[in-house]
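Shown next, in structure tokens, is the structure this report addresses.
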Amino acid sequence: MTGPRLRLPHPLILLLGCLVIAALLSHVLPAGRYQRRDDPVTGRSVVVPGTYARVPAHPLGPFQTLVALPKGLVDAGSVVFLVFLVGGAFSVVEQTGALGRAVGWLAQRLDRREALVVPIVSLAFAVGGITENMQEEIIAFVPRPSSPSPFWCLSRTSWASRDRSSCSPTTTAPACARS
């Protein structure tokens with residue numbers, strides 16, 4: 001028998017909750033600021049150590065709190081757009097089953113060494129991170145509770161020892177494991 005399953009609220013509710021907590025903390029935590037200088041090597045603004053000073057607090061009111069979310073989305077618009085674009089593209093790839101079939105093909109090719117699939121896929125994403133500066137794009141691969149993982153084929157039983165006729169990228173892992 002399984003215990004009660006933890007059900008998280010909708011992501012927008014979590015985001016709004018974090019926003020409200022941050023607004024409440026602006027009333028409690030002391031305000032302060034560091035001096036900054038431009039680093040000639042990197043061209044970025046960096047903090048000057050030992051220059052922290054308190055400044056007058058400006059706690060957020062209810063209206064400022066509600067406006068903070070759209071303002072933040074506008075300020076980070078290029079990143080948000082990129083995440084939506086890449087997430088949509090990977091959603092199409094996931095719906096076609098191409099990623100699941102590719103991981104399944106890799107697991108089948110590795111026969112009884114399925115444990116190598118995760119390091120190989122991780123290495124592929126690391127190379128993508130190095131060459132294409134992929135960071136936010138990985139969000140599309142965070143598994144959703146309602147959908148099977150692209151790594152459904154990796155379980156305790158070997159891919160090669162299964163009857164593959166009932167296993168496909170759209171088959172859930174428990175149903176596939178019964179075959």
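The values are calculated or read from the model by the stated rules, or taken from the named source; none is laboratory data. Because the structure is predicted, anything quoted here is derived from the model rather than measured. Here the Cβ is made from the backbone with ideal geometry for all residues, glycine too, and neighbour counts use every protein chain on show.
Listing for the model above:
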| read-out | value |
| --- | --- |
| Single residue of Pro9, Pro49, Pro30 found to be loosely packed, with under 11 Cβ neighbours inside 10 Å and within 22 Å of the chain's Cα centre (by Cα) | Pro9 |
| Which numbered condition Pro40 fails, given (1) of a type outside the set (Gly, Ala, Ser); (2) within 31 Å of the chain's Cα centre (by Cα); (3) in a loop (DSSP other than H, G, I, E, B) | (2) |
| Residue check for Gly87: part of a helix (DSSP H, G or I) and modelled with pLDDT of 85 or more | no |
| Residue within segment 45-57 that is touching a Gly at 6+ places or on another chain (Cβ under 9 Å) and in a helix (DSSP H, G or I) present | no |
| Residue check, Arg54 without any contact (Cβ under 8 Å) to a residue 24 or more places away in the chain and either out of contact with any helix residue (DSSP H, G or I) (no Cβ under 8 Å at 6 or more places or on another chain) or loosely packed, with under 11 Cβ neighbours inside 10 Å (or both) | no |
| Number of the exception - Leu19 against (1) assigned to a loop (DSSP other than H, G, I, E, B); (2) farther than 26 Å from Asn133 by Cα | (1) |
